[in-house]
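The values are calculated or read from the model by the stated rules, or taken from the named source; none is laboratory data. A quick note: this is a predicted structure, and the numbers were derived from the prediction, not measured. These area figures cover heavy atoms from the full protein model, side chains too; ligands, DNA and RNA do not enter into them. Shrake-Rupley method; radii C 1.70, N 1.55, O 1.52, S 1.80 Å.
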Amino acid sequence: KKERNLRTRSEAKRQAILDAAAAVFRESGFEGSTMADIHEHAGCSKPTLYSYFESKEELFFEVVIAATEAEFQATHAALDPALGDITQALQRFGERLLALLYSPQVRSVRRLLMSEAGRAQLGLKCYELGPLRSETEVAAFLQQAMDSGQLRQADPRLAARQLKALLEAEWQTRFLLQVCEGPGPDDISASVG
């Protein structure tokens, strides 16, 4: 019972830090925020803050993941095998995926990761929580479609990676080179359609 109470308090402290960081990032942006600002806002010491999060980058990533989790779930829920119409399911998924990838929160994380991915295994964490998790869900959907005869047999993981590459083909280079922020709703419909 004592161990469970400690774990609950530890989870509550971690969440309080995440909430404080979200407020600081909203107020000052990533560049304008410091770990000192965050620990002061959270009402904890610097050592406590660093015992939960190794860097501002890691903390920012965790804040964004928490903020986008519901949209991630909704995006992948579009891959509903009960629809029966694989074209419609893939189109809805593609539109939601592009909207998520080019949302302001995710754009910020993607740019941060381009420069900071090697620090504190931030790139690996991002890959596991985002692209790899997405690939696994898409591959499972595609495998079901292959098993039911709606798609020809192929490697479902490879097909999932190729689908994402096709969906982002028009936008990724321009986004990475900061030529544009990404597609708007009409652009997304045109790209996916």
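Before moving on, here are some points about what is shown:
- Carbon and sulfur %, accessible surface of the chain computed with the full protein complex present, 1.4 Å: 53
- Translational diffusion coefficient (Stokes-Einstein; Kirkwood radius from C-alpha pairs) of segment 28-78 at 10 °C, 1.306 mPa s, in µm²/s: 129
- Relative contact order [Cα under 8 Å, 6+ residues apart], segment 26-124, whole percent: 25
- Where the chain is the region considered: accessible area per residue in Å², 1.4 Å probe: 57
- Gap separating the Cα centres of segment 74-127 and segment 1-60, nearest whole Å: 25
- Figure note: ARG157, ARG111, ARG26 ranked by solvent-accessible area, largest first, 1.4 Å probe, ligands and nucleic acids not counted: ARG26, ARG157, ARG111.
- Over segment 92-193, Cα pairs under 8 Å with separation of 6+ residues give a relative contact order of 34 percent.
- At the residue level, SER191 shows approximately 30 square angstrom of accessible surface with a 1.4 angstrom probe and all protein chains present.
- Computed over segment 127-172, the ratio Rg/Rh where both radii use C-alpha atoms and Rh is Kirkwood: 1.02
- Shape parameters for the chain, alpha-carbon atoms, Rg then Dmax in Å: 19.4, 58
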